[in-house]
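Asks: Supplied in structure tokens, the structure appears directly below.
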Number of protein chains: 4
Amino acid sequence: MLRFLTAGESHGPCLTVIVEGLPAGLAVDVEAIDRDLARRQGGYGRGGRMKIERDKVDILGGVLCDKTTGAPLSLRIENRDWANWRQRWAAGDLPRLSVPRPGHADYAGMVKYGLDDARPILERASARETAARVAVGALAKLLLAEFGVAVGSVVAEIGGVAAQVPDLAWPELWALAEASDVRCPDEAAAIGMRQAIDAAREAGDSLGGVFVVAATGAPVGLGSHVQWDRRLDARLAQAVMSIPAVKGVEIGPAFENARRPGTQVHDEFERVGATRRVARASNRAGGIEGGMTNGEPVVVRAAMKPIPTTVTPLRSVDLATGEEAATQYQRSDVCAVPAASVVGEAMVAWVLADALVEKLGGDSVEEMKR
Amino acid sequence: MLRFLTAGESHGPCLTVIVEGLPAGLAVDVEAIDRDLARRQGGYGRGGRMKIERDKVDILGGVLCDKTTGAPLSLRIENRDWANWRQRWAAGDLPRLSVPRPGHADYAGMVKYGLDDARPILERASARETAARVAVGALAKLLLAEFGVAVGSVVAEIGGVAAQVPDLAWPELWALAEASDVRCPDEAAAIGMRQAIDAAREAGDSLGGVFVVAATGAPVGLGSHVQWDRRLDARLAQAVMSIPAVKGVEIGPAFENARRPGTQVHDEFERVGATRRVARASNRAGGIEGGMTNGEPVVVRAAMKPIPTTVTPLRSVDLATGEEAATQYQRSDVCAVPAASVVGEAMVAWVLADALVEKLGGDSVEEMKR
Amino acid sequence: MLRFLTAGESHGPCLTVIVEGLPAGLAVDVEAIDRDLARRQGGYGRGGRMKIERDKVDILGGVLCDKTTGAPLSLRIENRDWANWRQRWAAGDLPRLSVPRPGHADYAGMVKYGLDDARPILERASARETAARVAVGALAKLLLAEFGVAVGSVVAEIGGVAAQVPDLAWPELWALAEASDVRCPDEAAAIGMRQAIDAAREAGDSLGGVFVVAATGAPVGLGSHVQWDRRLDARLAQAVMSIPAVKGVEIGPAFENARRPGTQVHDEFERVGATRRVARASNRAGGIEGGMTNGEPVVVRAAMKPIPTTVTPLRSVDLATGEEAATQYQRSDVCAVPAASVVGEAMVAWVLADALVEKLGGDSVEEMKR
Amino acid sequence: MLRFLTAGESHGPCLTVIVEGLPAGLAVDVEAIDRDLARRQGGYGRGGRMKIERDKVDILGGVLCDKTTGAPLSLRIENRDWANWRQRWAAGDLPRLSVPRPGHADYAGMVKYGLDDARPILERASARETAARVAVGALAKLLLAEFGVAVGSVVAEIGGVAAQVPDLAWPELWALAEASDVRCPDEAAAIGMRQAIDAAREAGDSLGGVFVVAATGAPVGLGSHVQWDRRLDARLAQAVMSIPAVKGVEIGPAFENARRPGTQVHDEFERVGATRRVARASNRAGGIEGGMTNGEPVVVRAAMKPIPTTVTPLRSVDLATGEEAATQYQRSDVCAVPAASVVGEAMVAWVLADALVEKLGGDSVEEMKR
């Protein structure tokens, strides 16, 4: 069983993460991790902080001679912004925030933890935490790659501008997405997306959208139908829904499938030759049947709400005084869907890596391959 | 921490479930459990088996003098159909199925478990297992009710026929749904849904749809933003996605929110008077911000695919011979969205009960209330 | 990951257990399970109830054609005594017990669960629950046997009478123990043990002792040193300490080792020929180094306290009145060490089976063997 | 549920740990943590490394204004020795060890992870990792202290020299232990222990012993009898047995109790006045009955084997060549029982803190106190 815990605040010294259960003998490509960290930081519509941070991972444990040893990995990502906050942090003199912002963790967190200041909540609820997850996901991808599994993502919709995703294999779509600053493989839609982002910035507003994570090459039979909490679709849903601002998850085009009759939804089998080899002409199931991978690409679609920090103030209440108050703007992005899609890759990769380790057993990559 | 495990096959003697972690002193209303079991079995569009089964729960452990003792509960639901299967079961002479049905667990399960017969797979992957979950959910509801939390559901869409959900409080919507054999609070849409089901039956086809589970009265601060796997939206997503045939989950109208600008999505705060009490005019967040309940009703929407068993055969391959073959019809429903919505209630109730026990601590209901 | 939950009360209708995670294709030998159930019920010094119960397992789920399917197993063991209790149980008219018995769960359980009657506590805290664990352990043994791992036990001490365990291989010791009604491979000591039991019965007292569970054939490298909760010795300690009345656990002769210098404790390596094959002349480590199996037999020793129910009354307090009171005798055994040693086998087998499934992966026995 | 994961190698840059689930509002006394780190490093019989390291904790996350926020804590303890290893580490040029040392993780780890060099194993299996646990335990103690629970330890035996533990309350025994460089409250025995350590050093040998961790003030009802894995004695056994070199665990004097009749073992109740308040004249149960705390001090005794690194070589085999070889000495201690007793405190404190959080619920210390 793989496990990871992240820690760290948005304006604290660093993010840290411990990753438990990776097999020994996995070559750890630090540049691949940093590349994913950079991918998370890019994208049209990001705010000022992304200019400050250039995330790099430090490996503090679990790797000897560039390979995992079976021991837990300890990773650290420094917050460059820390230099600007260090003194206030040490003095315990951080800017207070007693007017909770709609859509943020502020209000629920203050009530839950008995605080009259949202600072401790927003420091941890910030999407900055997802950098740590991207590092974890990059490790998961390295493991999956040893077994022919690849994970990538595209942006399908921003602010209501929907892409016509071309009918190409996933790796080709991913390549198109990598070349786009909105991670969209449909260039016409990408233009519209950028315009929508510009308009939202102009209006002091923010945008959400839809991204699609896919995984190719996963073997048949990851996950299981036998117990509710072993279903892979359910685990994927938990993992992707845990990304801040993601509020909807589909395996394949689920909401659209729900409107169609069964004969138009279920992916018929075709013979490939050998007894157990079958093929499908369609993949409306998103690669999962009965809570298990079925050999087709795993396709997870996620709906991200607009970023809850808007320049245009929203109505709120000052919890310190009980008076009505307008939200105050905190530095933020206008749209983070491209970034979130990279985090989505990480979470999907993590769930698949966990299921693969469970399926193959083994304490080293070599043993897993036997 | 609450835990449960279910067991049992669709045509075996019974379903069983063990529920761990419920506090002592909870009055166990067996009729309330049976009522939910009956609700799951009803609905326009169910097939022949529902005429055979009249599910009743037997409590085999964990309850003394009609109250929980803190010990695990052991529940059994007999399969009445068992009388028809007992002999074949004992003889190990169950009908074989070597032609996997698209949309079912058949193919992935056969490959995963190394079988050339899908019988062991479909026996466990059958939606019959959800009866056990409904019993668990009924227990969770009883616990939640002690703390003023209510859980109910409505059907919002079947086969593309969408309801106009009236602007009423949830309990009123639930009452309308209870009075409808498609669990739809919009009578005009309900008529269309029944027509769609009739047409699908006529055509040898099947239908899916969308249901909405809501919970009222949950305190602020269930779940947490501090670690990915403690977010309540993520846990709800896992729980609801684990229902067979559910392939999409939203917290509130997430996919619609993803198309709107932030100022139209985030639910502004209004003053109620006392310092910490606030209200909202809208609930587009579905009752969860930052992975925590925010005091508004928790709203989970789920997309269910059409039932994968269709009278109209689908193309497949006989895995025993490698020859192309058409699927053979197994007794099934045309549409099970109303039933699934009851299972959805169970899973949402379970997640909330677990979070409530974590939040309040306590080994007895009385202690939890202190 | 293997999981199991047990449920059921001592005088309720039955014990039930659900076992999750066993691979498919395991031949389930019901007679082997019943044999272990009978072994738990035997032994010199057992009380009246053992004459009533003849435990048999019913399998209610997870097995088709005598083989596991990968689905959870559901087991039931009826309480024959139930016939005598059924009416009082249904009427909620069970004998109350408000005078907690020293050494029992009574007092702590009453306070924890807010009760003034220990009945709900003792019904679940009773050692009868261990019958369910023995059934689980028998399944684990069946799985281990497929991989050449055998688990057995002997009694080393009862009431201060210590065996001289002969210098034989474990299977030979086990055979001697099976032939002894105190499960002791040293016949001279066995005589003394029986005398001690007789004397204790005479005196209205009870006895404890020490048993030793061993497992042969476990591969090197089950468990891991890399994280505290993955150490196999720690998991074994938890599992064996969880047996009611067991209060001490050693891996090998740990307390004796603690008195010796290192050069007399650590098991030196000998060459066997091939590079990686080594042997040891001694096994003072009890088969575990660094929290991992090392290829030698796993040896777990457990100290069981005397049964806390004694005919001779002990001083207590009536929690209903606050008055001093003497404990009242409840039907019980004088000595249950031989029975507990069978439960010990079950728990050790469970931990090893779990570690083996983790190490080998695989969803079926066949796949695990590849 | 509390969770923690540690990471880091013995000669790597640092140890790190993430601690999840602590309530908000706990005052984090860094000096208290450092004090426990120093206590672990002390003790008669420690080797050269303890002169190099002066452990200090850095808090990298989860604390604002000296209080926990509910977010996970991230701790780092630098390895001062790292300065001496940094270059070799970066170059991947660490001293190889292909001759496994009896009693160490070397052999099992090499086989498990498929290595011909034990370096990656010993780096993680080293007792240095326990510094991270001590930091975790210090946090747990701070939480427990808020609820009147104190945890301490004494050394009862070293190299066969057993203390006569005076009949004093635990806090007094702890004070005596703190004043002793072998953590022994019996000064006469302490002299013998030091002599034994000197003699062992002289002889190129090593010693083990027995330590006793106790906790006072724990409320009745932590843990539960209702399910095997919820028993507190079992969880304590796992936690303490997970300390490197600990191979035996008792709750109270369990092995001695096993030799006595029940009437001499079970702790009789005495009236204190109020209905539910009772007292005991003895505590042979070690504070736990039925897997739950019973209001008496929790007493856990642990047997530690002699340190497996001895100056006197032991017979082994070079796994790289298959040739017989003698072990080579690695810098180590002669006796680490006093250090291990501090780690024992940490693990006991952790288990109790976890159980307390489960019992009391609550997201902040203030809420837990209501």
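Just so you know, all these numbers are worked out from the coordinates, no wet-lab data involved. Just so we're clear, the structure is a prediction, and the values are computed from it rather than from any experiment. Here Cβ is always computed from backbone atoms with ideal geometry, including for glycine, and neighbour counts include all displayed protein chains.
Asks: Return one number: the angle in degrees, 0 to 90 and rounded to the nearest 10, between the long axis of the Cα atoms of helix C:337-360 and the longest principal axis of the Cα atoms of chain C.
Replies: Taking Cα atoms only, the helix is inclined about 40 degrees.
Asks: Distances from D:R86 to the same residue in each other copy, label points 7 Å out along Cα→Cβ, in nm, shortest first?
Replies: 1.7, 7.8, 7.9
Asks: May I pose another question? Could you tell me how far the Cα centroid of the range C:1-35 sits from the Cα centroid of the range B:154-199, in Å?
Replies: If we compute the Cα centre of each part, the gap is 43 Å.
Asks: Using all Cα-Cα distances in the range D:1-154, what percent lands in each 10 angstrom bin from 0 up to the longest?
Replies: Using 10 Å bins, I get a P(r) of 10, 34, 32, 18, 5, 0 for the range D:1-154.
Asks: Which of the three applies to the range D:67-223, rounded, prolate or oblate, going by the alpha-carbon gyration tensor with a ≥ b ≥ c and a/c under 1.5 meaning rounded? Present the calculation step by step, with values, prior to reporting the outcome.
Replies: Values: a/c = 2.31, a/b = 1.30, b/c = 1.78.
Oblate shape, in that a/c is at least 1.5 and b/c is the bigger or equal ratio.
Asks: Cα atoms only: what Rg and Dmax, in Å, come out for the range D:236-337?
Replies: 21.7, 73
Asks: Defining a contact as two alpha carbons under 8 Å apart and six or more residues distant in sequence, what relative contact order in percent does the range B:278-325 show? Please list the in-between numbers first.
Replies: Numbers: 27 pairs, mean separation 9.6, N = 48.
For the range B:278-325, the relative contact order is 20 percent.
Asks: While we're looking at this one, here's another question. Suppose we take every Cα in the protein assembly as shown and form the convex hull; what volume per residue is that in Å³? Numbers along the way, then the final one.
Replies: Working: hull volume 239.8 nm³, N = 1480.
Roughly 162 Å³ of hull volume per residue.
Asks: Quick one: Cα convex hull volume of chain B, Å³ per residue? Please list the in-between numbers first.
Replies: Numbers: hull volume 57.6 nm³, N = 370.
For chain B, the hull spanned by Cα atoms encloses 156 Å³ per residue.
Asks: Then there is this: Within 10 Å of each Cβ in D:361-368, how many Cβ atoms from other chains are there, averaged over the peptide?
Replies: Working: counts 9, 5, 11, 4, 1, 2, 7, 1.
Neighbouring Cβ atoms belonging to other protein chains average 5 per residue here.
Asks: Shifting gears a bit: Which distances in nm, rounded to one decimal and ordered from shortest, link the label point of B:Q195 to the equivalent label points in the other identical copies, with labels set 7 Å from Cα toward Cβ?
Replies: Spelled out, the distances from B:Q195's label point are 3.9, 9.4, 10.2 nm.
Asks: Right, something else. Please check: in the Gaussian network model of chain A (C-alpha springs, under 10 Å), which one of A:N283, A:N79, A:N257 has the largest mean-square fluctuation.
Replies: Residue with maximal mean-square fluctuation among A:N283, A:N79, A:N257: A:N257.
Asks: Rounded, prolate or oblate: pick one for the range C:169-319, where a ≥ b ≥ c are the square roots of the eigenvalues of its C-alpha gyration tensor, a/c under 1.5 means rounded, and failing that, prolate if a/b is larger than b/c, else oblate.
Replies: Details: a/c = 2.67, a/b = 1.74, b/c = 1.53.
Verdict is prolate for the range C:169-319.
Asks: Per residue of B:311-318, what is the mean number of Cβ atoms on other protein chains within 10 angstrom of that residue's Cβ? Show your work: numbers first, answer last.
Replies: Values: counts 2, 3, 2, 6, 8, 6, 10, 3.
Counting Cβ atoms of other protein chains within 10 Å of each residue's Cβ and averaging gives 5.
Asks: May I ask you to derive the relative contact order of the range C:1-123, considering only C-alpha pairs under 8 Å and at least 6 residues apart, and to give it as an integer percent?
Replies: Working: 187 pairs, mean separation 32.7, N = 123.
Computed value for the range C:1-123: 27 percent relative contact order.
Asks: How much length, in nm to one decimal, is gained on full extension between D:A179 and D:Y329, taken as 0.36 nm per residue of separation minus their Cα-Cα distance?
Replies: Numbers: separation 150, 0.36 × 150 = 54.00 nm, distance 3.17 nm.
That pair, D:A179 and D:Y329, stretches by 50.8 nm at full extension.
Asks: What does the C-alpha gyration tensor say about the overall shape of the range A:163-239? Classify as rounded when a/c is under 1.5, otherwise prolate if a/b is larger than b/c, or oblate.
Replies: Numbers: a/c = 4.26, a/b = 1.77, b/c = 2.41.
Cα axes put the range A:163-239 in the oblate bin.
Asks: Gaussian network model of chain C, Cα springs within a sub-10 Å range: biggest mean-square fluctuation belongs to which of C:V351, C:V298, C:V226?
Replies: Per the Cα network of chain C with a 10 Å cutoff, C:V226 tops the list.
Asks: Right, next: Using DSSP, restrict attention to beta bridges with both residues in chain B and report what percent are antiparallel, rounded to the nearest 5. Before the final figure, lay out the partial values.
Replies: Values: 48 of 50 bridges.
Bridges in chain B that DSSP calls antiparallel: roughly 95 percent.
Asks: A further question follows. With angles folded into 0 to 90 degrees, how steeply does helix C:130-145 sit against the dominant principal axis of chain C? Use alpha carbons for both and round to 10.
Replies: 10
Asks: Continuing with this model, one more query. Which whole-angstrom value gives the distance between the alpha carbon centres of the range A:78-105 and the range B:257-326?
Replies: If we compute the Cα centre of each part, the gap is 33 Å.
Asks: Could I ask something else about it? As a test of the formula, what do you get for the protein assembly as shown when each DSSP H run with n ≥ 4 contributes -39,500 (n - 2.57) and the sum is divided by the residue count, at 222 nm and rounded to the nearest 500 deg cm²/dmol?
Replies: Values: 48 runs with 496 residues, N = 1480.
Calculated mean residue ellipticity at 222 nm is -10000 deg cm²/dmol.
Asks: Shortest first, in nm, what separates the label point of A:P313 from those of the same position in the other copies (7 Å along Cα→Cβ)?
Replies: Inter-copy label distances (nm, one decimal, shortest first): 7.0, 7.7, 8.0.
Asks: List A:T309, B:T69 from most exposed to least, where exposure is judged by having the fewest other Cβ atoms within 10 Å.
Replies: Going from least to most buried by this count: A:T309, B:T69.
Asks: Sorting check: for A:249-256, C:315-322, which peptide has the highest mean count of neighbouring beta carbons within 10 Å, and how do the rest follow? Could the numbers behind the result be given before it?
Replies: Values: A:249-256: 25.8, C:315-322: 18.9.
Ranked from most to least packed, the peptides come out as A:249-256, C:315-322.
Asks: If neighbour count is taken as other Cβ atoms inside 10 Å, put A:D205, B:D181 in order from fewest to most.
Replies: Values: A:D205 22, B:D181 15.
By the 10 Å Cβ count, ascending, the order reads B:D181, A:D205.
Asks: With an 8 Å Cα cut-off and a minimum separation of 6 or more residues, compute the relative contact order for chain A in percent. Present the calculation step by step, with values, prior to reporting the outcome.
Replies: On the way: 792 pairs, mean separation 86.0, N = 370.
Answer for chain A is 23 percent.
Asks: Something else: Considering the rotational relationship between chains A and C, which residue of chain A contributes the beta-carbon of minimal distance to the axis, and what is that distance to the nearest Å?
Replies: Here the value is A:G361, 1.
Asks: Note the angle between two axes, namely the Cα long axis of helix C:232-241 and the longest principal axis of the Cα atoms of chain C, as a number of degrees from 0 to 90, rounded to the nearest 10.
Replies: 20
Asks: Taking chain C as a Gaussian network, where each spring joins two C-alpha atoms under 10 Å apart, which residue of C:A32, C:A336, C:A279 fluctuates the most?
Replies: Of C:A32, C:A336, C:A279, the most mobile in the Gaussian network model is C:A279.
Asks: Still on this structure, please answer the following. Could you work out, residue by residue across C:213-224, how many beta carbons of other chains sit within 10 Å of that residue's beta carbon, and then give the average as an integer? The partial results should precede the final answer.
Replies: Working: counts 0, 0, 0, 0, 0, 0, 2, 6, 10, 2, 2, 12.
Shielding by partners across C:213-224 averages 3.
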